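Take a look at the structure below.
Laboratory data are not the source of any read-out in this text; all were calculated from the coordinates shown. All of these numbers come straight from a predicted model, not from anything done at the bench. Cβ sites come from the backbone with ideal geometry, for glycine too, and all protein chains shown count toward neighbours.
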Amino acid sequence: MWPRLVANKILRKRLGSNNFVTDFPSSKETLLEIPSLDHSSLNSKTIFSHRKDTHNYRIFVSTWNVGGVAPHEDLDMEDLLDTGNTSCDIYVLGFQEIVPLSASNVLGSENDKISMKWNSLIREALNRKTCIIQHSNEDGKSSIENSMISGQDFRCIISKQMVGILISVWVRSCLCPYIRYPSVSCIGCGIMGCLGNKGSVSVRFLLHETSFCFVCSHLASGGREGDEKLRNSNVSEILSRTSFPRGPSLDFPRKILDHDRIILLGDLNYRISLPESTVRTLVDGREWNALLENDQLRMELMNGQFKGWHEGSISFAPTYKYRPNSDVYYGCFHQSKNGEKKRAPAWCDRIIWYGTGLKQHVYNRSEENFSDHRPVKAIFTAKVVALHSLTQFQSFFLSDRFNRITSQLEISSTDDFLCKGRSSFQI
């Protein structure tokens with residue numbers, strides 16, 4: 001017991017820190033000016049309608065264990081985000097092992113250079129300008145010139161790292177005025193049951209009147225019989241120990257399952273409960289259904305271990321374990337070396353959601369191959385409630401003027417966290 005108490009005391013500040021990086025500004029200089037109204041218009045019928053509108057927002061979610069390898073300079077996140085073919089309002093990207101899980105990284109101070117690099121790549125991909133070719137005719141001649149049209153405008157509302165776990169949340173800039181109370185909670189479940197080599201980084205925020213919680217996790221590894229119970233225990237600890245700062249009211253959600261829309265993503269490390277040779281034979285034959293019948297996470301979902309949680313249909317190959325920079329699974333008989341451990345392929349990387357209000361449209365893997373894992377991505381539609389009680393002010397709140405003013409407002413300090421102003425990874 002005492003090693004865990006000592007470790008908790010040493011690491012409490014770092015693991016339990018509510019600090020995070022954000023694009024939200026922190027200026028105190030600007031006051032919100034409310035437009036004046038004619039007194040004749042101030043009556044309950046014109047001002048207070050108590051109407052609730054429901055909006056549908058598209059959310060992109062991905063998880064990727066990058067195996068302790070820093071992203072190379074020419075890595076194009078567009079291949080993962082696929083912004084050329086799909087357009088979403090919110091992007092949530094989770095990573096595991098962005099740094100090697102060495103003793104110095106687990107026990108030492110946080111190094112944010114790698115997370116800054118990942119965020120820079122995400123920013124570049126989401127806000128990329130597009131090159132177009134224009135044809136013009138002058139004096140009967142045709143000319144061609146290159147022109148740049150501005151890309152989309154996404155801002156990072158939360159980015160948080162704990163050892164090798166990183167989660168980064170980006171939203172369209174037009175939604176930023178409606179984002180409130182962003183905060184984070186970190187739980188270590190690794191060495192001695194509390195270090196950050198395994199565990200979760202959870203983020204929450206309100207969009208209009210609907211609360212969101214995203215949990216980026218890296219659970220206990222191991223392919224031996226019974227190891228799935230360790231992973232179940234990790235999830236139970238994450239759900240019970242995660243707690244967010246107090247909000248403006250007593251009923252404000254503080255625990256993960258108190259939120260309206262909840263998504264858990266990460267390297268959950270669940271394996272396939274079949275002999276290795278059988279798994280490899282079924283993988284070679286692309287017999288996914290036979291494998292999924294013995295997938296540990298699917299079995300736990302069916303057995304009620306994750307009551308209320310859902311996962312979409314899997315129609316893609318197992319995402320682990322590959323030889324880096326190849327399409328060959330680690331430990332294949334014709335590729336294995338003497339003394340090399342053979343790890344059977346598995347769907348370690350998963351995205352699941354809890355409750356209602358979310359509809360999944362896409363659940364697939366991407367083919368970036370510099371890690372021993374393949375990234376997994378999903379696209380959801382989320383129902384969001386917006387309360388319009390001041391209809392007389394509605395046009396002002398949705399105006400460009402309001403956006404300009406709120407872009408300079410400070411996030412409420414009642415959340416008990418520190419925002420670092422403009423993020424240092426800005427390009």
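Counting Lys +1, Arg +1, Asp -1, Glu -1, what net charge surrounds residue 52 among other residues with beta carbon under 14 Å of its beta carbon? Please list the in-between numbers first.
Working: positive: 51, 383; negative: 53, 209, 260.
Overall, the nearby charge balance is -1.
Listed cross-link partners 52/117; 321/383; 52/307; 160/307; 229/359; 113/307 are compared with a 32 Å cut-off, the Cα-Cα value being larger for 52/117; 321/383; 113/307.
Fewest to most neighbouring Cβ within 10 Å: what's the order for 86, 319? Present the calculation step by step, with values, prior to reporting the outcome.
On the way: 86 13, 319 25.
Ordered from fewest to most neighbouring Cβ atoms within 10 Å, 86, 319 come out as 86, 319.
Footprinting exposure proxy ranking of 97, 311, fewest other C-beta atoms within 10 angstrom first, gives 311, 97.
The packing ranking, built from the mean of other Cβ atoms within 10 Å per residue, places the peptides 236-248, 59-71 in the order 59-71, 236-248, highest first. By the count of other C-beta atoms within 10 Å, a proxy for reagent exposure, 73, 124 are ordered fewest to most as 73, 124. In segment 153-247, the DSSP beta bridges split such that about 100 percent are antiparallel, to the nearest 5. Averaging Cα coordinates gives a centre for segment 267-316 and one for segment 177-191; these two points are 29 Å apart.
Model label points for residue 209 and residue 74, set 7 angstrom from Cα along the Cα-to-Cβ axis, are 5.2 nm apart. Sorted largest first, the principal axis extents computed over the alpha-carbon atoms of segment 149-223 equal 48, 32, 20 Å.
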